[in-house]
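Just so it is clear, none of the values below were taken in a lab; they were calculated from the coordinates. Quick caveat: nothing in here was measured; it's all calculated off a predicted structure. Using ideal geometry, Cβ is built from the backbone for each residue, glycine included, and neighbour counts are taken over all protein chains shown.
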Amino acid sequence: MKNSFKLLIPCMAFVGCTVSSFTFLNTQVYAADLVGDYKPGNPIYDRWDHFYKIEQTDSKQAEEILNELSQLTPQDIKVWKSLTYLQIREQKPEQALFSVTRATQLAPEDEQLQLQQAYLLNQLQRNDEALPIFKKLTHSKQTDIAEKANQAVNNLSGGTAVKSTFKDIYFAPSYESRFDDGIFPLKIRYGKNYNQGRAQLYGFLSFNRDTQSTGLNNSNSAETKIFDENAVVAGFGVNYQPWQTVPMRFYAEVGGSYDLIDRPENNNPQKTRSKFRESITAGAAAYQEWYANPNIEQRHIFNDYFTDFYGNVATYSREDYNVIADLRLRSGFNLYRGEVGTVQAYAKLHTLADSEGESYNNLFEVGPGIAWQPFNYLPVKLRLERLYGYYLKDDNNGQDHYNNTRVEMVLYKDF
């Protein structure tokens, strides 16, 4: 029996997706503050009351109300913070930058606002203005702010918008309980940035191996088990980000691969395919992160939330040009941030689908997870997840669901 398992790889290890990290300000906190300042019938009170009723359903009118409030109470920082939140959510970075700049003028010591301002400047490719702010924030007493600022300064490479060359490494060993399998993916890239990093040309070397794949058993093909690619791949790749404000890249990689185990031919499962073969991959990938990042004095578990999304749709010559879509969403809370790192708890949704209708490539899984980054200055994260999966296609040994415990270590480092 042939089994297969597709490993989830974050897009930044493959195509260098831009990671945006925006501080979404919690407007509901400001609502509670404002209600006590005005009474019903007051035009300011009535506008805030209307704003909170329609904020989630009518963003256009909500923004108009905030603009009216900015004329009535231009010194009220809550107006400008709320405008920043709304305009980021509506993907209006230029307007959000104006709003957060007004907020920083009213609260010049608020480092969260300064960090938000620098991120927006960076998103708008105004890195000569963003870099001094990031450098200042590297001295912040708030560990999370200093960490993000340090990373931003490193990425901006001492004043240039984007380094001319880049190199990165991705390593994510994991254990999957449903297969009793250890999986070891590694990828290294070295390349050159063009057009401020929107286009990249690079060489790469990848290695995938797991502990349970047996390869082809010529005496009994039913005993053939293949869970991961088990191959070394080397080649060249190119990717391009068409839209500056959308963290999605189209990419293609061309090279050669060498099978580390005997693989059967698709049309003749009794025959071993050639270990050397071409490797062509092409598709689109996206990665986005959102953080609440409340002020440290206001922070508690339930307002210190985060969400990240990863998506990849690609075709693979090694899978006979099967098109595979891989989507993942994680959302949760920062339970702890301090000297021993960051601890997160989250819920995870993950789905796979393909054009060939393979049962192992058509599934949905959901479950809780916990992550620990032991050192805020090192890009290593440990994860433990308990996932409940459902196959979306038949022909998987009569099984329509599964349970899986995943233990994973993720290292991603760019240089």
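Odds and ends about this structure:
- For the stretch 327-415: Kirkwood Rh in Å [reciprocal of mean 1/r, alpha carbons]: 14.7 Å
- Rounded if a/c under 1.5, otherwise prolate or oblate - the stretch 51-97, Cα gyration tensor axes: oblate
- Cα principal axis extents for the stretch 166-414, largest first, Å: 67, 46, 29
- Chain lengthening between Ile54 and Leu392 when straightened (0.36 nm per residue, less Cα-Cα): 117.9 nm
- On full extension, the segment bounded by Asn195 and Leu411 gains 75.0 nm, given 0.36 nm per residue less the C-alpha separation.
- Label point distance in nm, Tyr321-Ala107, each placed 7 Å from Cα along Cα→Cβ: 5.6 nm
- Protection-proxy order for peptides 80-92, 310-322, each taking the mean of Cβ atoms within 10 Å per residue, highest first: 80-92, 310-322
- For the stretch 71-137, the spherically averaged projection of the C-alpha convex hull amounts to 4.2 nm².
- Estimated vicinal HN-Hα couplings, Hz - the stretch 352-360 in sequence order (Karplus 6.51, -1.76, 1.60; Gly, Pro = x): 10, 8, 9, 7, 8, x, 5, 4, 6
- Paramagnetic reach from Gln399 (point 7 Å along Cα→Cβ, amide N under 12 Å) across the stretch 160-197: 177-181
- Among the listed pairs Lys81/Lys135; Lys225/Lys348; Lys393/Lys413, those beyond 32 Å (Cα-Cα): Lys393/Lys413
- Stokes-Einstein D in µm²/s, Kirkwood radius over Cα pairs - the stretch 43-158 at 25 °C with 0.890 mPa s viscosity: 164 µm²/s
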